[in-house]
Amino acid sequence: MTSETQAQFALMVEQLKKLLSQPVPDKRLVRIELPLPVIHLHGFLAAQDGAEKAFWADREGDHAIAAIGYSWSEKLSCRRDLASAFTTVRKLLGHLPEHESCHCLCYLSFADDEYSIWPAFGYGMVILPLLELVQTRKGMVLGVNLRSDSVSQYHSSIRKALGIIAALNYRQQLPEADFTFQLEGYQPDSKVWDQLVGKARQDFGSGLLDKVVLSRETCLKLKGHLSPFSLLYTWQQANPHSYQFLFQGEGQTFFGCSPERLVKRLENIISTEALAGTILRGQNLHDDAQLETQLMNDRKNIHENRLVLDDICRKLQPLCQSLEADRSHSIVKLRHIQHLRYQIRGILNRDVFDEQLLDVLHPTPAVGGTPREAAFSFIEANEPYARGLYAGVCGVVGVQKSDFSVAIRSARLADNTLMLYSGAGIVKDSVAAEEWSELDNKIATVLDILDRTSTSGSAFSGSGRRAAGSVC
């Protein structure tokens with residue numbers, strides 16, 4: 001299989017070299033595609049050097065993109081930059097006759113105030129891969145996207161692609177585990193958490209807030225080498241019906257395995273969801289069914305979920321010709337926890353674009369709170385760390401189709417520190433100790449993976465108490 005793969009890359013090299021002696025096409029973007037045998041994308045990306053690597057996969061298993069090198073990228077300083085960047089995306093991809101199969105990758109932070117942003121990533125970024133491996137139900141494709149605004153830019157894009165291919169390592173096996181880890185601490189710690197929940201409950205009593213989602217950064221100290229690609233792959237195996245994303249910043253990697261969709265658009269048809277309300281999975285079928293029934297009938301969780309549903313529908317209504325939601329909530333089951341969910345579907349008005357959808361939906365009450373402005377102010381004033389890309393957006397944007405996930409169940413790898421993120425929706429009936437347990441439950445899957453794969457065995461365990469609440 002490796003020889004077959006190398007042969008297709010060699011054929012791509014031949015085609016790229018021919019382009020150097022041909023006239024520059026009269027369009028802004030040229031795309032070349034060749035079929036590839038199916039390869040292990042996580043392992044292939046892990047084997048490559050360089051900082052320009054990214055990965056995204058939808059939760060249905062229909063679409064995955066492994067990117068090496070950027071043909072075009074635009075850094076965003078705040079959400080106001082999004083409209084300009086997405087307009088550029090539509091102009092670039094609109095030049096391709098097969099534009100429905102080509103997408104840009106993107107990520108956005110939770111908020112764009114200076115305190116919330118991680119410097120290594122900025123507020124956000126939109127990326128057109130230079131070289132990409134795209135896997136769909138139809139098979140795998142090797143694509144190269146060449147900018148052609150000018151002769152120099154066109155030739156530069158070709159030479160950069162040739163350089164990337166020449167340096168490729170065709171190994172597909174994921175790196176073996178060679179690390180140990182230990183808990184370094186929390187931001188906030190449990191004492192500060194209790195104070196924050198108490199302060200939020202005071203604001204509920206005064207009518208300033210209906211809900212606020214508070215979060216925690218769990219810091220693990222590493223010794224040895226942890227591959228984010230290996231961890232992401234195993235994470236997705238544990239929670240298969242989840243989005244996957246991985247982006248590299250300056251010396252850091254942000255990645256995760258999220259169950260939550262922000263919005264998916266297929267031409268003018270959109271789908272989204274209200275995902276809020278959480279309880280553990282049972283140890284057996286009987287216990288699991290009992291916990292499901294408990295969650296389905298829990299007043300606190302139903303109230304929290306309904307706040308999210310009502311807010312999403314209220315914000316989408318002006319953008320849609322029609323909008324409908326499930327008549328009652330359903331259950332989403334993951335490895336360690338289960339969630340309440342309402343699914344929402346709509347048909348967009350004419351001339352409504354992806355940036356407008358993101359502007360009204362992001363962040364949802366499932367990761368921020370309601371009212372949005374009051375919840376944001378509370379989070380900014382009280383959370384003792386920067387959320388950065390946690391609870392932000394990761395996805396793909398295209399002409400015919402776009403798909404965006406909420407960047408929960410995520411982690412950030414920086415040097416020898418791995419930071420895990422989790423959150424809990426606080427409403428008037430919340431109990432601080434139970435919500436703290438929920439934070440542990442939401443990182444239990446990735447901690448179990450680290451325990452199993454590290455060379456030292458088990459190094460950390462959460463409280464494991466049953467808890468209910470937000471999904472983030």
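A few comments on the model shown:
- Remark on segment 310-464: hydrodynamic radius 18.2 angstrom, per the Kirkwood mean of 1/r across alpha carbon pairs.
- Lysines with Cα under 26 Å of residue 442, excluding same-chain neighbours fewer than 8 positions away: 191, 199, 211, 221, 223, 264, 300, 333, 428
- Qualifying aspartates and glutamates (Cα of each under 16 Å from Cα of residue 17; at least 8 residues distant if same chain): 33
- Residue 455/residue 62 FRET efficiency (R0 45 Å; Cβ-Cβ; nearest 0.05): 0.80
- A simple rule links phi to the HN-Hα coupling: the Karplus curve 6.51 cos²θ - 1.76 cosθ + 1.60 with θ = phi - 60°, which for segment 246-254 gives 8, 9, 9, x, 7, x, 9, 10, 10 Hz, with x for Gly and Pro.
- The charge dipole of segment 306-456, taken about the Cα centre with unit charges on the Cβ atoms of Lys, Arg (+1) and Asp, Glu (-1), comes to about 460 debye, rounded to the nearest 20.
- Segment 384-400 - phi-based ³J(HN,Hα) in whole Hz, Karplus 6.51/-1.76/1.60, Gly and Pro as x: x, 8, 8, 5, x, 7, 4, 6, x, 10, 10, x, 10, 10, x, 7, 7
- GluC sites (Glu not before Pro) within segment 36-137: DSSP coil, no more than 14 neighbouring Cβ in 10 Å: 60, 98
- Hydrodynamic radius by Kirkwood, which averages 1/r over all alpha carbon pairs of the chain, in angstrom: 23.0
- Percent accessible area from carbon and sulfur atoms, the chain, protein chains only, probe 1.4 Å: 49
- Each residue, residue 237 and residue 83, gets one label point 7 Å from its Cα in the Cβ direction; the gap between the two is 4.7 nm.
- Cα centroid separation, segment 270-320 to segment 369-429 (Å): 18
- Cα centroid of segment 151-225 to Cα centroid of segment 1-43, whole Å: 33
- Amide hydrogen neighbours beyond the local backbone of residue 249, cut-off 5 Å, H modeled: 254
- Across segment 334-351, computed HN-Hα scalar couplings (Karplus, 6.51 cos²θ - 1.76 cosθ + 1.60, θ = phi - 60°) run 10, 5, 10, 9, 9, 10, 7, 8, 10, 9, 10, 10, x, 10, 6, 5, 5, 6 Hz from first to last residue, x flagging Gly and Pro.
- For residue 277, the residues 5 or more places off, or on other chains, whose built amide H falls under 5 Å of its own are 340, 469, 470, 471.
- Separation of the residue 377 and residue 170 label points, Cα + 7 Å toward Cβ, nm: 6.1
- Amide H contacts of residue 401 (H built 1.01 Å from N, under 5 Å, at least 5 apart or other chain): 267
- At R0 = 25 Å, FRET efficiency that the Cβ-Cβ distance of residue 345 and residue 310 yields, to 0.05: 0.95
- In plain terms, the chain from residue 433 to residue 159 could stretch by 92.9 nm, reckoned as 0.36 nm per residue minus the Cα-Cα distance.
- Note on segment 72-206: Rg/Rh from C-alpha atoms, Kirkwood Rh, equals 1.12.
- Per residue, the solvent-accessible area of the chain (1.4 Å probe, heavy atoms of protein chains only, all protein chains present) comes to 40 Å².
- Annotation: extensible slack from residue 18 through residue 49 equals 8.5 nm (criterion: 0.36 nm per residue apart, minus Cα-Cα distance).
- Modelled spin labels at residue 287 and residue 91, positioned 7 Å past Cα toward Cβ, are 5.9 nm from each other.
The values are calculated or read from the model by the stated rules, or taken from the named source; none is laboratory data. Values in this document were obtained by computation on a predicted structure and should not be read as measured data. When we count neighbours, we look across all protein chains shown, and the Cβ atoms used for this are built from the backbone with ideal geometry, even at glycine. The accessibility values were calculated without ligands, DNA or RNA, using every heavy atom of the protein model including side chains. Shrake-Rupley method; radii C 1.70, N 1.55, O 1.52, S 1.80 Å.
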